[in-house]
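For reference, the structure is listed below as structure tokens.
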Amino acid sequence: MDLTETQLAILALIAERLEAEGMPPSQAEIAKAFGFKGVRAAQYHLEALEQAGAIERVPGRARGIRVLKAPPSPQPDLAFPVAANDEGLRLPVLGQVAAGAPIGADADHHDYVLLDRAFFAPAPDYLLKVKGDSMRDEGIFDGDLIGVHRTRDARSGQIVVARIDDAITVKLLKIGKDRIRLLPRNPDYAPIEVLPDQDFAIEGLYCGLVRPNR
């Protein structure tokens, strides 16, 4: 079972707290750390971690969590500019993309950033700055820079950057027999249904992110 970026981050938080304090965070502490509105979202992610075999929860104990699989090394925050190296990617930041309601496209080059290509799969062609929190449960937050691999082709279930008329958004693509939907990963937002008379196109695939120091 694949884990989302948020679930991997929760696993890392649990492992860190166990090592530092000898006990895991409570569900309320997880909810607060990740900006969830309540503990139900934390419960959902803990259940996913348990089903994936990453943790074990002890019945009857509020903080009874054991880590069974060590989390991967966390992706470091980046302070710009990044030093160049042979494996580096020099990527333009083309503007903003909505993780919320679609916003107008902005194709101006605001900046170039040098990044380690290991942060992404596949290799991106450009970066977009995220505005909004509709992809929060996928670990994509307001202000993040997401890598976009330029392509017109995408499968149902992939996270895509899509254009609807003259607006750009990042969402989970769902292709049905008679409709296309763009799904948020935050229950506070409604899905976007692409109407037949709208100008719709896939602009690229989401392939990773970096989080500038704030």
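The values are calculated or read from the model by the stated rules, or taken from the named source; none is laboratory data. Values in this document were obtained by computation on a predicted structure and should not be read as measured data. Ideal geometry is used to build each Cβ from the backbone, glycine not excepted, and the neighbour counts take in all protein chains shown.
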Residue ID - surrounded by the fewest Cβ atoms within 10 Å (Cβ to Cβ), chosen from residues in the range 96-144 that are modelled with pLDDT of 80 or more, over 18 Å from Leu173 (Cα atoms) and among the acidic types (Asp, Glu):
Asp142
Leading residue by the ranking (nearest to Glu138 (Cα to Cα)) among those in the range 19-64 that are surrounded by 14 or more Cβ atoms within 10 Å (Cβ to Cβ) and either in the same structural domain as Ile140 (by TED's automatic domain parsing) or among the basic types (Lys, Arg) (or both):
Arg57
Go through (1) over 25 Å from Leu49 (Cβ atoms); (2) in contact (Cβ under 8 Å) with a residue 60 or more places away in the chain; (3) hydrophobic (A, V, I, L, M, F, W, C) one by one and return the number of the condition Ile146 breaks.
(1)
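Yes or no, residue by residue, for (1) closer than 15 Å to Phe120 by Cβ; (2) assigned by TED's automatic domain parsing to the domain that holds Asp111; (3) out of contact with any Leu (no Cβ under 9 Å at 6 or more places or on another chain):
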| residue | (1), (2), (3) |
| --- | --- |
| Gly143 | no, yes, yes |
| Val148 | yes, yes, no |
| Asp153 | no, yes, no |
| Ala162 | no, yes, no |
| Asp165 | no, yes, yes |
| Ile168 | no, yes, no |
| Leu172 | no, yes, no |
Starting from the range 119-140, take each residue that is in contact (Cβ under 8 Å) with a residue 40 or more places away in the chain and list its partners that are of a type in the set (Asp, Glu), counting only C-beta distances under 7 angstrom and pairs at least six apart or across chains.
Val130/Asp142; Val130/Asp144; Asp133/Asp142; Glu138/Glu5; Gly139/Glu5
